[in-house]
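Before any comments, here is the structure.
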Amino acid sequence: MAYRNRLPLVAGLLACLMPGVAAAQVDYIDPMGGFTQVVTTTHEGVKTIFVSGQVGRGDTLREHVESAFAGVVRRLEQAGATPEDVVKVRIFVKDFEPAQYPVVAEVRRATFPEGHWPTSTMIGVRALFAESLRVEIEAIAVVAEPGADLEIERFNPANGFSGAVAVTAHGVKTVYVAGQVGGGDGLADQTAAVWGRVGRQLEAAGASFADLVKATTYIVDFDPETDLASYRTGRGQALSLPDMPASTLLGIPALAAEQFRIEIDGIAVVGTDGQSVDRAFIDPATGFTQVVTARGSGPTVVQVSGQVGQPGDPLDSQADQVYANLRRRLEAAGAAPEDLLKIVIYMPEYTQGDFAALDAARKAHGFPDEAVPAATLLGIQSLFAAGALLEIEGIAVVAP
């Protein structure tokens, strides 16, 4: 087990934005070359734990799901946590069919004690890191020392997960919204319905659309040429903000039921007990912002939207552009590559050999070989445009 500390970072962010001037300890557990299995940040007695995607093994889907969740539990134990401490999971299943959802739901419910259900997003993907893998699960957990200022509230529980989880520490609340789905005759109608459900989950947890700092949208069989306009129409019916959150939009092969075309999850940050949260919206684009920062009285959390390269270019060129863009976005927010806590890599045409191109681009743009973030790599169906081969989103934390 290997560890490395970085004093500039502050603990508890992404799970909660915590005011205070004291520097925090960041530990890197089991770095694997280009990513770390678990990254923890501890500040004023509160530890947030980011678990990279854990994979399953076995002969059946159930065995893959069970062993992937078991891997998450082992990583939590390494960091001094248990399933009770988890606030968010995302479950990715290769070659997923909606009829398989009860298997995933049953194992999820068995993993987390009642009363401690996390938010959850479950989507079908095209590929995972290796051909033999069928399931990958990532997680975020929060634990506190006795007497530390931490409260975790869970809202609208159903079927082994919570609709929203609010994590409050030092006067700042971060709200995680589980992946929401909804009905409708077409993509525009479903989009409006789903955004409406996101809003209701935020409201239940004491937040609003105005507090959103990040949203991730998953659309089944997404075709940029025909579906993007419908998505924007539906979003406009439900969501009207002067400043839009950071965002990633992905085409995927399947959701939990055949009738669902779109799922959206989100993160919001709001002040409590008189504590204000300052936000900056850096480089707004059509319907989203490239970088959103949020700060209480202490550190700044940087949410970087999915960064892409020029569609149609070869992968090594797009990887170079993506890492250049990611670095530029971080610097615009006053951060640096070494401040990243978590990244997610999305690739429509992923094969296992592609990792070499990503790693070369990462190194070429000064991203460190040590103190590397937690990460998940997913083969999905499509990105924002035909010919786009790579998108990377990230979260960084910068001390005052």
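Please treat every number below as a calculation from the coordinates, not as lab data. What you see is a predicted model; the values in this text were computed from it and never measured. Here the Cβ positions follow ideal geometry from the backbone for every residue, glycine too, while neighbour counts run over all protein chains shown.
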Taking springs between alpha-carbon atoms closer than 10 angstrom, which of Glu263, Glu151, Glu338 fluctuates most in the Gaussian network model of the chain?
Glu151
For Glu258 and Glu331, extending 7 Å from Cα along the Cα-Cβ vector and measuring point to point gives, in nm, a value of 5.2 nm
Based on the Cα atoms of the stretch 222-357, what semi-axes does the equivalent ellipsoid have, where each is the square root of 5 times one gyration tensor eigenvalue, given in whole Å with the largest first?
27, 23, 14
Sort out for me the Cα centre separation of the stretch 143-200 from the stretch 114-138, rounded to whole Å.
18 Å
Could you order the peptides 104-113, 287-296, 384-393 from most to least packed, using the average number of other C-beta atoms within 10 Å per residue?
287-296, 384-393, 104-113
Percent of beta bridges antiparallel (DSSP, the stretch 295-400, rounded to nearest 5):
70 percent
In nm, give the distance between the simple-model label positions of Glu114 and Glu84, each being 7 Å from the Cα along the Cα-to-Cβ direction.
1.6 nm
State the percent of C-alpha pairs, over all pairs in the stretch 45-87, separated by a distance greater than 12 angstrom.
60 percent
What does the charge count around Ala360 come to, taking other residues whose C-beta lies under 13 Å from its C-beta (Lys +1, Arg +1, Asp -1, Glu -1)?
-3
Note down, for the stretch 89-156, the three equivalent ellipsoid semi-axes (square root of 5 times each alpha carbon gyration tensor eigenvalue), biggest first, whole angstrom.
29, 15, 9
Cut-off 15 Å between beta-carbons: net charge of the residues surrounding His116, Lys and Arg +1, Asp and Glu -1:
-1
Can you tell me the mean projection area, over all orientations, of the convex hull of the stretch 326-369's alpha carbons? Units nm², please.
3.6 nm²
With 5 Å bins from zero, work out the P(r) of the stretch 69-118 over every alpha carbon pair and list the percent per bin.
4, 18, 28, 24, 15, 9, 2, 0
Of the DSSP H helices in the chain, those whose Cα atoms cover at least 20 Å axially and whose Kyte score averages -1.0 or more:
61-78, 187-204, 315-332
If you bin every alpha carbon distance in the stretch 174-274 into 5 Å steps from zero, what whole percent lands in each bin?
3, 14, 24, 27, 17, 9, 4, 1, 1, 0
Computed over the Cα atoms of the chain, what is the ratio Rg over Rh, Rh following Kirkwood?
0.93
log10 of Debye I(q)/I(0), alpha-carbon scatterers only, for the stretch 18-135 at 0.20 Å⁻¹
-1.15
Taking 7 Å along the Cα-to-C-beta vector as the label spot, tell me the Ala210-Asn156 distance in nanometres, rounded to one decimal.
2.1 nm
Averaged over all directions, how much area does the convex hull of the C-alpha atoms of the stretch 90-205 cover when projected, in nm²?
9.3 nm²
How big is the charge dipole of the chain about its Cα centre, in debye rounded to the nearest 20, if each Lys and Arg gets +1 on its Cβ and each Asp and Glu gets -1 on its Cβ?
440 debye
Förster radius 60 Å - calculated FRET efficiency between Ala99 and Asp273, Cβ distance, rounded to 0.05:
0.80
Difference of contour (0.36 nm per residue) and Cα-Cα distance, Thr286 to Glu106
60.8 nm
Give me the Kirkwood hydrodynamic radius of the stretch 139-185 in Å, from all C-alpha pairs, to one decimal place?
12.4 Å
